[in-house]
Amino acid sequence: MSQKQDVVIIGAGMVGACLALALAAQGRSVAVVDREPAPEFVPGSDYGLRVSAINRASQQQFEQLRVWQAMLEMRAHPYRAMQVWDAGSSGAIEFDAASIGEPDLGHIIENQVVQRALWEAMQADAQVTVLCPDELRYLDVGAQAVHVGLVSGARLSARLVVGADGAQSRLRELASIGVESRYYGQKATVATVKTQLPHEDTAWQRFLSTGPVAFLPLGDGSCSIVWSADDARAEEIRDMSDEEFKAALAEALDYRLGAVEQTSMRGIFPLRGSQADAYVKPRIALVGDAAHTIHPLAGQGANLGFQDAAALAAILAEEPRRDPGDLRLLRRYERARRGENVLMMRAMEGFRTVFGSEQPGLASLRGLGLNTASNFAPLKHFFTRQALGLGSTLK
C-alpha cells in the first residue's frame, strides 16, 4: 500500500529542504527522500570546505521559514564589502553595503550549516515526512497521480514529484528529461586558510588568465577559498605541497591579505554548466542543480536554487485548490525561472571567457569596463542590489 502525499521531493539538500518547508507552510503534506541525513553540526569544529554566499533574498526566505536564527546560532559570517580586480589590467571595483544603506552584502555560510538548520526544521514539522536513508527506484506518472517506488520497497503516491537531487538527478533521468551540459575545462580547488592580514569582513576576488581566485571571510578570521583554474593549472595546484600551495595562493591574490599562514586539507571538483531540456513535465518539476548548474565565479549557484524553490512554492500558493501537478501551472514556474537561470549561466560563461583572455586589446577593454562601473555610482549600486538578490521580483 502506498503512502499518499500532496508532494514528494527527491533530495533533502539545501534546495529540496527549503521547498519542503515552504510547501508545508501552505498546509500541504510533503514527503522528502534522501540517501543520507544532513551532517551534525559540532560547535568549534573545523569549517566545512563547501560554503555559499547567501544573499539577502535567500536570507529573507530563511527568515520566513524560521530557520535563519538557527543558522546564525550555528555559524555564519556577514561580509560588508567586495574587492574585485583584474590581474591583466588596471581594472578594479569595490562594492560596499553601506553605500546602498544595507548592513551587509550577504553571509558566508557552510553548506552543512544550511542543510542542518533546514533538516531540523523538517524533522519538527508535522506536515513533512522524511524518508532517509532511502532513494528513488522507479517512477510511474499517471493521469491523476504520480507513483514513486523507493529502494527500501516503500511506495508513495502524490500529485507532484519534484527533483531536487542534484546535477546527476535520478528523477530527471527516470522522467526522460535530457540535459545540455558543458565542461568548462576548469576545476575548482577549495580550502580554509588563515592569512597574515585580517580579511576585514570583505570578499576578495582576483581574475587571473587561468581562472578567478576568491577569498571569502569566515567568523574566526580565516577565509574559505575557491580557486578556479584551467585543468593544467588545477592539476599543478592539486600536486603542490602545503607550503607550495600557501605561497602560490598568496601570490594569486596579489598578497592583498599578506602571506597565507595555514591551510586545511584541499578539495577539488570539476566545473560544468548545465541546463535541463525542460524544467517540468506533467506532475514533475526540477529545482536547483537538477535543473541547472553554473560556474561558481559569482557565487550565485545556491541562491538561484533557493529562488527556484521560492518561485515554485509561490505559484502553487496562488492557487491552493488547483492540482499542483497540472502542467499548465508548472509551466508558469518554468517561465518564471528558466530565462533568469539561462541568463546567469551565459553571463558567467561570458565573464570567464573575457577575463580568461590574454589579448592586450581585450584586457584594456575589461579594465575600462570595471573602472567605468566603479566610477559610475548608479551602475555600481545596480550591480550591488543584483548581487544582494534585491533586483529579483521574489523578495
Practice problem: Quickly run through region 194-208 and pick out the residues that are over 25 Å from residue 272 (Cβ atoms) and either surrounded by fewer than 21 Cβ atoms within 10 Å (Cβ to Cβ) or free of Cβ contacts under 8 Å to residues at least 60 places away in the same chain (or both). | Solution: 194, 196, 197, 198, 199, 200, 201
Exercise. Within region 133-151, count every residue that is basic (Lys, Arg) and part of a loop (DSSP other than H, G, I, E, B).
Key: 0
Exercise. Could you tell me whether residue 113 is at pLDDT 95 or above and in contact with an Asp or Glu (Cβ under 9 Å, 6 or more places away or on another chain)?
Key: no
Quiz item: In region 248-257, what residues are open to solvent by 10 Å² or more (accessible area, probe 1.4 Å) and in contact with a helix residue (DSSP H, G or I) (Cβ under 8 Å, 6 or more places away or on another chain)?
Solution: 248
Exercise. Go through the residues of region 264-287 one by one and say whether even a single one is crowded, with 22+ Cβ neighbours inside 10 Å and assigned to a helix (DSSP H, G or I).
Key: no
Quiz item: Given (1) in contact with a strand residue (DSSP E or B) (Cβ under 8 Å, 6 or more places away or on another chain); (2) under 23 Å from residue 300 (Cα atoms), where does residue 160 come up short, assuming only one miss?
Solution: (2)
Quiz item: For residue 337, are the conditions met, namely being basic (Lys, Arg) and surrounded by fewer than 21 Cβ atoms within 10 Å (Cβ to Cβ)?
Solution: no
Exercise. For region 152-169, enumerate the residues that are closer than 20 Å to residue 281 by Cβ and either open to solvent by 40 Å² or more (accessible area, probe 1.4 Å) or assigned to a loop (DSSP other than H, G, I, E, B) (or both).
Key: 159, 164, 165, 166, 167, 168, 169
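Yes/no matrix, rows are residues, columns are (1) at positive phi; (2) surrounded by 15 or more Cβ atoms within 10 Å (Cβ to Cβ); (3) touching a strand residue (DSSP E or B) at 6+ places or on another chain (Cβ under 8 Å):
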site	(1), (2), (3)
107	no, yes, yes
120	no, yes, no
129	no, yes, yes
133	no, no, no
136	no, yes, yes
139	no, yes, yes
142	no, no, no
Practice problem: Would you mind finding the one in 219, 211, 258 that is in contact with a Leu (Cβ under 7 Å, 6 or more places away or on another chain) and touching a residue at least 40 places away in the same chain (Cβ under 8 Å)? | Solution: 258
Quiz item: Which strands (runs of 3 or more DSSP E) does region 17-90 wholly contain that include 1 or more residues that are among the acidic types (Asp, Glu)?
Solution: 81-86
Quiz item: Is one or more of the residues making up region 178-188 modelled with pLDDT of 95 or more, surrounded by 19 or more Cβ atoms within 10 Å (Cβ to Cβ), aliphatic (A, V, I, L, M) and within 26 Å of residue 265 (Cα to Cα)?
Solution: yes
Quiz item: Taking residue 357 and the conditions (1) modelled with pLDDT of 95 or more; (2) open to solvent by less than 50 Å² (accessible area, probe 1.4 Å), which numbered condition does it fall short on, given that it satisfies the others?
Solution: (1)
Quiz item: Pick from region 6-16 the residues that are farther than 30 Å from residue 220 by Cβ and assigned to a loop (DSSP other than H, G, I, E, B): which of them is most open to solvent (accessible area, probe 1.4 Å)?
Solution: 6
Exercise. Answer yes or no: is there a residue in region 94-105 that is in a strand (DSSP E or B) and either modelled with pLDDT of 95 or more or open to solvent by 50 Å² or more (accessible area, probe 1.4 Å) (or both).
Key: yes
Practice problem: Take the residues in region 290-331 that are among the acidic types (Asp, Glu) and part of a helix (DSSP H, G or I), then tell me which one is surrounded by the fewest Cβ atoms within 10 Å (Cβ to Cβ). | Solution: 318
Quiz item: Pick from 376, 383: which is at pLDDT 65 or above and aromatic (Phe, Trp, Tyr)?
Solution: 383
Quiz item: Picking from 64, 3, 26, which residue would you name as being touching a residue at least 60 places away in the same chain (Cβ under 8 Å), closer than 27 Å to residue 388 by Cα and surrounded by fewer than 17 Cβ atoms within 10 Å (Cβ to Cβ)?
Solution: 26
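The values are calculated or read from the model by the stated rules, or taken from the named source; none is laboratory data. Since we're looking at a predicted model, the values are computed, not measured. Backbone-built Cβ (ideal geometry, glycine too); neighbour counts: all protein chains shown. The accessibility values were calculated without ligands, DNA or RNA, using every heavy atom of the protein model including side chains. Shrake-Rupley method; radii C 1.70, N 1.55, O 1.52, S 1.80 Å.
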